[in-house]
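**Q** Sharing a structure below in structure tokens format, with a few things to ask.
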Amino acid sequence: MNRIEETAGSERRLTGLPIGPGIAIGPMFGTVEAPAEITRRRIAAADIEAERARLDEAVAVSRKQLRKLRARLAVLPEDSQAEIAPLLDAYVQMLGPSRLLRGAVQRIVDGLRSAEQAVVDEADAIATALLFANADDLSAGERRAAEVREIARRLVRNLTRAPFRSFAGLPPGSILIAEWLTPADAALIDPARVAGVATEEGGSDGHTAIMLRALGIPTVLGVLGLTAHMRAGGQAVVDGSAGVVVLEPADETLAHARRAVTAFARRRQRWGRLRRLPAVTLCGAAVELQANLELLAELPLVAQSGAHGIGLLRSEFLFMNRDTVPGEDDQAETYATVVEAMEGDPVTIRVLDWGGEKEIEALAIAGIVPEVADANPAFGLRGIRLLLRHPDLLETQFIAILRAARHGPVRVLLPMVTNVAEIRAARAIYVGAAERLRARGVGLPALLPPLGIMVEMPAAALMADALAAESDFFAIGSNDLTMYVLAADRAEMEATTIYDPLHPAVLRLIQMTVEAARRQTIPVSVCGEMAANARFVPLLLGLGVRSFSMNATAVPRVKQSVRTVWLAECEAFAAQVMQQSEPDTVAALIRRFHERT
């Protein structure tokens, strides 16, 4: 929860979202971007072509600016370049044929709107639709809406000749304070000059957050009331690990922050050493730690984390920000890029997991999904149900994955499975895809890559024994499983106290799934927030989990947790937890266990 705490003297402590780990101390400097002047007027019919020409020119200038910005990344570390560049490339691609530009042109022609007004109105309409369509996945909706608004913002500033934000005047060691930053703004920040960043707006999984993490700058976003209380030149402490910003810190706070800077540096050194150490318990039991991947830009983070493979590659990113469904060659090339980058570590690719909450324009244009989201997008035709309704779509994806499998070990994951018939139908298409490739002369092994399922529905957990007999492996999606078990969406403010992965009902379904997998001798992993929480690791180990997939930044902390426990004590602890009936009691037991270790 965001809040401002008044302390002794003039010190103010504000909280937000921890984005870039580390602690920065320095003078505060703000940055503002003057709003673009947009004249809301109707144009004459005779001016339509002139307005279209203005829009075309703004598109060309915007593309040139983004390419120039990409070239400036050469001064950054190689890993940062590799992460940020693909995001800028995606923005360049969005300035090609897109729903935004088509709609803007339509508003110019039919509505007799000026180019800038047409862009703003179309961007607002698309952003509103995206937020509505992503009602049960708020972060995804906000991220997609922000992408559209960022392109619209750049177009409008170029149409109106309004200057862009500049950081050139910031002195070395500055703490950058802003109301908000765009991904393009973040790409302009020089880590040699800016020690820390804090903004009033922004989320933890948006492109701005990804870029700031890549730059290695301590960052806190979403700090309400920040700009109203900052004083240019005054001291500030940014704790990007805890999500805390202290304005005008007292002497004692400064001394504590300086000690924390030293401690964090030592911790990073320890995590750097952990990268090369195995994930084994004190008794020598091996544990598999893998990373989730949503964007190609995150590959460098996976390499830095020490993860051994990708436990969940979300293939939805391939279908977004485009007008057409990606073909076999496009998909195969992208999957092969990821597989090759992992250098022999396994990659688990989840086939397209579309639901009403995931707006993918290309699918709507192709007539595969409705343009308007369902009244309750968390239910209905989604995941494997949609893919089996459109087997050609699934077969193309299977063929692309099988082609990529020639470059390294791959596993294939089916989303939202609830019954045996779905697995059997998908496997028949999978085998048929392999036969097609062999008929084309593509060499494939007799034993195809494993085909497994996400266990993220209560029905799947309750039917785990039957599903395990048809599956090559299980991946427990703890986030959706918790949501469906408790009928609580973690993105809804009113449901935040209800959504709890430590609820005994959730834990019992996880236990049932793990035990069913063990009886059928198939691998089982946990992905989602539970896997990324180092405090939950002993409990999951005690329940029999030996494979975890998480966001890359969580891998060192989870590995540290694995290396400090004995399996016997984890099993005894899990047995104690599974006797409880209240989530608060479970949380208290986990807290005490963590304090002991």
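The values are calculated or read from the model by the stated rules, or taken from the named source; none is laboratory data. It should be emphasised that the depicted structure is a prediction, and the values quoted were computed from it without experimental measurement. Virtual Cβ from ideal backbone geometry, glycine too; neighbours counted across all protein chains shown. Ligands, DNA and RNA are excluded from the accessible area calculation, which covers all protein heavy atoms including side chains. Shrake-Rupley method; radii C 1.70, N 1.55, O 1.52, S 1.80 Å.
**Q** From Gly169, Gly141, Gly96, Gly173, grab the single residue that is modelled with pLDDT of 90 or more and out of contact with any His (no Cβ under 8 Å at 6 or more places or on another chain).
**A** That would be Gly173, the only listed residue that is modelled with pLDDT of 90 or more and out of contact with any His (no Cβ under 8 Å at 6 or more places or on another chain).
**Q** Mind listing just one residue for me: the one in segment 247-267 that is without any contact (Cβ under 8 Å) to a residue 12 or more places away in the chain, of a type in the set (Lys, Arg) and open to solvent by 100 Å² or more (accessible area, probe 1.4 Å) and, of those, nearest to Val220 (Cα to Cα)?
**A** Arg259
**Q** Any residue that is under 24 Å from Val280 (Cα atoms) and in a loop (DSSP other than H, G, I, E, B) - is there at least one of those in segment 526-539?
**A** Taking every residue of segment 526-539 in turn, at least one turns out to be under 24 Å from Val280 (Cα atoms) and in a loop (DSSP other than H, G, I, E, B).
**Q** Same structure, new question: What are the residues in segment 408-422 that are outside any loop (DSSP other than H, G, I, E, B), under 27 Å from the mean Cα position of the chain (by Cα) and over 17 Å from Val339 (Cβ atoms), if any?
**A** Across segment 408-422, the qualifying residue is only Leu414.
**Q** Could you tell me whether segment 201-223 includes any residue that is within 20 Å of Leu66 (Cβ to Cβ), touching a helix residue (DSSP H, G or I) at 6+ places or on another chain (Cβ under 9 Å) and surrounded by fewer than 17 Cβ atoms within 10 Å (Cβ to Cβ)?
**A** No.
**Q** Which pairs turn up if I take residues in segment 168-187 that are on the phi < 0 side of the Ramachandran plot and charged (D, E, K, R) and look for partners that are part of a strand (DSSP E or B) and open to solvent by less than 10 Å² (accessible area, probe 1.4 Å) with beta carbon separation below 7 Å, at least 6 apart in sequence or on another chain?
**A** Listed pairs, sorted by first residue: Glu179/Thr199.
**Q** Another question, if that's okay. Open to solvent by less than 30 Å² (accessible area, probe 1.4 Å), hydrophobic (A, V, I, L, M, F, W, C) and assigned to a helix (DSSP H, G or I): does that describe Leu437?
**A** yes
**Q** Out of all the residues in segment 22-29, is one or more open to solvent by less than 80 Å² (accessible area, probe 1.4 Å), modelled with pLDDT of 85 or more and over 30 Å from Leu254 (Cα atoms)?
**A** Within segment 22-29, not a single residue is open to solvent by less than 80 Å² (accessible area, probe 1.4 Å), modelled with pLDDT of 85 or more and over 30 Å from Leu254 (Cα atoms).
**Q** If you take the residues of segment 4-19 that are outside any strand (DSSP E or B) and open to solvent by 70 Å² or more (accessible area, probe 1.4 Å), which of them is modelled with the lowest pLDDT?
**A** This residue is Ala8.
**Q** Further question: Only one of Asp329, Asp374 is modelled with pLDDT of 80 or more and open to solvent by 20 Å² or more (accessible area, probe 1.4 Å); which?
**A** Asp329
**Q** While we're on this one: Within segment 57-80, count every residue that is at pLDDT 80 or above and either closer than 14 Å to Pro191 by Cα or of a type in the set (Val, Ile, Thr) (or both).
**A** 2
**Q** Pick from segment 450-470 the residues that are part of a helix (DSSP H, G or I) and of a type outside the set (A, V, I, L, M): which of them is least open to solvent (accessible area, probe 1.4 Å)?
**A** Per the stated criteria, the residue is Pro458.
**Q** For the structure I just gave you, tell me whether Gln576 is over 18 Å from Phe473 (Cβ atoms), touching a Pro at 6+ places or on another chain (Cβ under 8 Å) and open to solvent by 40 Å² or more (accessible area, probe 1.4 Å).
**A** No: the conditions fail for Gln576.
**Q** Report, by residue number, each residue of segment 58-69 that is free of Cβ contacts under 8 Å to residues at least 60 places away in the same chain and either closer than 19 Å to Pro97 by Cβ or in contact with a helix residue (DSSP H, G or I) (Cβ under 8 Å, 6 or more places away or on another chain) (or both).
**A** Ala60, Arg63, Lys64, Arg67 - these are the residues of segment 58-69 that are free of Cβ contacts under 8 Å to residues at least 60 places away in the same chain and either closer than 19 Å to Pro97 by Cβ or in contact with a helix residue (DSSP H, G or I) (Cβ under 8 Å, 6 or more places away or on another chain) (or both).
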